Amino acid sequence: MAEVLRIENLNFSVYETLRQASAGKNVISKIFGNLFRFSTLSSRHILENINLSLNPGETLCIGGPSGQGKSLLLRLIAGLEKPDSGNFFYFGEYLPKEKHSALEIALRQVGLVLQNGALISNLTVRDNVALPLRYHRRGTEKEISEKVNMALDLMRVSSVATNFPHTLSAGMLKRVAIARSWVMDPKLLLLDEPTAGLDNYNRRNLLPLIDNMRSLFQTSIIIVTHDLRMADELDANLIFLHNKTLTEPHSFDYWLHSKEVFAVQLFRDLQKRDGLY
């Protein structure tokens, strides 16, 4: 069976982002003037030589310090950003750079759940979850209702189906956002900091629900997280974004006992808190 995702030699720079945003408007020269003649900004890569592969039904966690580009990597995989260079393969199919867009990738059944959930404030939970199905005209209203009910049940948020987002706890918001993505039958689900801001109770309740998607539906999952213990609890490999590139994937236990300086630093607080050694 083909890999769910393969990325080869991905590079992404600040300059390319600005160039794309200002195409045809000469915004860069207006804002920065002669700075580009003398600075190295034009060659400042945020991500360099990124290589990654993911197998069907696999969960992979990506860790690393803040500001290294972990969430950016998810956005690149989801098509919200376009790479400078590199090759992307989704389910064995090569996607040319000129077709690298959110719509093209969503059509390949890739879902993204942002850290803040991005729910629509004036829609109920049920209507938020139904929104992508209605937008893409995926079934009759009866079929949409049945699929929404399945998603709400899967994430255990049926009890708040008629609530509006502002009435929900942080834990409930996370679950609803995941339900909205799952309703489109993603083969690959991208989660950005799903446990951020959650207390221990809500965290403990959320992780088994995420794992259920993998075990019941063979959904492949990539999770960006500062919650390193999650990799152990989900029996997932853990990789780190370090010095602009990705490490090799290894188990939580491997990294816990690693002598790599960056790993020792990242695990120090976890070791102190949980008494790990």
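Database remark: amide H of Ser251 closer than 5 angstrom to the amide H of Leu238 (H placed geometrically; neighbours at sequence offset of 5 or more, or on other chains; Pro and chain starts carry no H). Counting only DSSP H runs of at least 4 residues, each contributing -39500 (n - 2.57), and dividing by the residue count of the chain, the helix-based mean residue ellipticity at 222 nm comes to -11500 deg cm²/dmol. Less than 5 angstrom separates the built amide H of Thr219 from those of Arg214, all sequence-distant by 5 or more or on a different chain. Residues in the stretch 67-78 carry Karplus couplings, in order, of x, 8, x, 5, 5, 4, 4, 4, 5, 5, 5, 7 Hz; the curve used is 6.51 cos²θ - 1.76 cosθ + 1.60 with θ = phi - 60°, and Gly or Pro positions show x. In this structure the amide hydrogen of Arg156, modeled in the peptide plane, comes within under 5 Å of no amide hydrogen from residues 5 or more places off or on another chain. Over 21 Å apart at the Cα level, from the set Lys97/Lys174; Lys99/Lys187; Lys70/Lys174; Lys99/Lys147; Lys174/Lys244; Lys82/Lys174, are Lys97/Lys174; Lys99/Lys147; Lys174/Lys244; Lys82/Lys174. The phi-based Karplus calculation (6.51 cos²θ - 1.76 cosθ + 1.60; θ = phi - 60°) puts the 3J(HN,Hα) values of the stretch 195-206 at 9, 4, x, 9, 7, 4, 4, 5, 4, 4, 6, 6 Hz, whole numbers, x for Gly and Pro. In sequence order, the stretch 163-175 has phi-based couplings of 7, 9, x, 5, 8, 9, 6, 4, x, 5, 4, 4, 5 Hz under the Karplus curve 6.51 cos²θ - 1.76 cosθ + 1.60, θ = phi - 60°, and Gly or Pro positions carry x. GNM remark for the chain: springs join alpha carbons under 10 Å apart, and the peak mean-square fluctuation among Asn11, Asn237, Asn200 falls on Asn200. For the stretch 105-185, the set of GluC sites (Glu not before Pro) satisfying both a DSSP loop assignment and a count of at most 16 other C-beta atoms within 10 Å is empty.
Which trypsin sites (Lys or Arg not before Pro) from the stretch 128-165 combine a DSSP loop assignment with at most 12 other Cβ atoms within 10 Å?
Details: sites: Arg134, Arg137, Arg138, Lys142, Lys147, Arg156; in loops: Arg137, Arg138, Arg156.
For trypsin sites (Lys or Arg not before Pro) across the stretch 128-165 that sit outside H, G, I, E and B with at most 12 neighbouring Cβ atoms in 10 Å, the list reads Arg137.
Read-outs throughout are calculated quantities, based only on the coordinates presented, and are distinct from any laboratory measurement. All values reported here derive from a predicted model rather than from experimental measurement. Ideal geometry is used to build each Cβ from the backbone, glycine not excepted, and the neighbour counts take in all protein chains shown.
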